[in-house]
Amino acid sequence: FAYDSEFLYLAAICPSPDSVAVEPLATRTRDSASPKRDRIGWYLDIDRDYSTGYRLVVDQAGGVSDACWLDQGWDPRWFVKVGKGEGSWTVEAAIPLALLCSSPPTTNQAWLMQCSRARPGKALQGWVDIPDPPEKNPRPESQGALLFLAETPSRDKP
């Protein structure tokens, strides 16, 4: 996770030494993430009310699905790139913060979130002990806190 004044950035490396190589989708259609493919999902509960949030799912072919408070009609314009490496696939995504909240997060602000990965025929993986599938809204106990920290000076800056 990373953010700036305009975007929330999400990225993951998904090891998959035993999976069959999947070609990226030639064209991405709305809500095209498939439960038949390896996929990763993020659920963001911005106001920490344990009932409303945003779900973002990306599969290894670049298919995406999204929902806002169980509304599959929510169709944000977000940016996704998948890649494949030896024994893994990667995802990088950027979603405009304006689609999620009225102003960028502030230092020490916390959102609730869940990150989970589902691979056909394999156990679910997640950021917490017992994750929910990427397509499901998470149970309160399966969420953790995403804490926004102040920018860390880089080594290149004085």
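The values are calculated or read from the model by the stated rules, or taken from the named source; none is laboratory data. What you see is a predicted model; the values in this text were computed from it and never measured. Don't worry about glycine lacking a Cβ; one is built from the backbone with ideal geometry, like all the others, and counts go over all protein chains shown. The area values use the complete protein model at the heavy-atom level, side chains included, leaving out ligands, DNA and RNA. Shrake-Rupley method; radii C 1.70, N 1.55, O 1.52, S 1.80 Å.
Quick look at the numbers
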read-out: Exclusive hit being at pLDDT below 95, in a strand (DSSP E or B) and among the hydroxyl-bearing types (Ser, Thr, Tyr), set SER65, SER51, SER34; value: SER65
read-out: Options LYS157, LYS81; residue that is farther than 20 Å from GLY53 by Cα and modelled with pLDDT of 90 or more; value: LYS81
read-out: Complete set of residues in the stretch 72-88 that are of a type outside the set (Phe, Trp, Tyr) and open to solvent by less than 40 Å² (accessible area, probe 1.4 Å); value: PRO76, VAL80, VAL82, GLY83, GLY87, SER88
read-out: Single unsatisfied condition, GLY126 versus (1) of a type in the set (Gly, Ala, Ser); (2) at pLDDT 90 or above; (3) within 27 Å of PRO24 (Cβ to Cβ); value: (2)
read-out: Of all residues in the stretch 131-144 being within 22 Å of ASP47 (Cβ to Cβ) and of a type outside the set (D, E, K, R), the one that is surrounded by the fewest Cβ atoms within 10 Å (Cβ to Cβ); value: PRO140
read-out: Selection count, the stretch 89-130, where residues are touching a Ser or Thr at 6+ places or on another chain (Cβ under 9 Å), aliphatic (A, V, I, L, M) and surrounded by 13 or more Cβ atoms within 10 Å (Cβ to Cβ); value: 3
read-out: Matching residues in the stretch 18-71 - criterion: being among the β-branched types (Val, Ile, Thr) and surrounded by 11 or more Cβ atoms within 10 Å (Cβ to Cβ); value: VAL22, ILE40, ILE46, THR52, VAL57, VAL58, VAL64
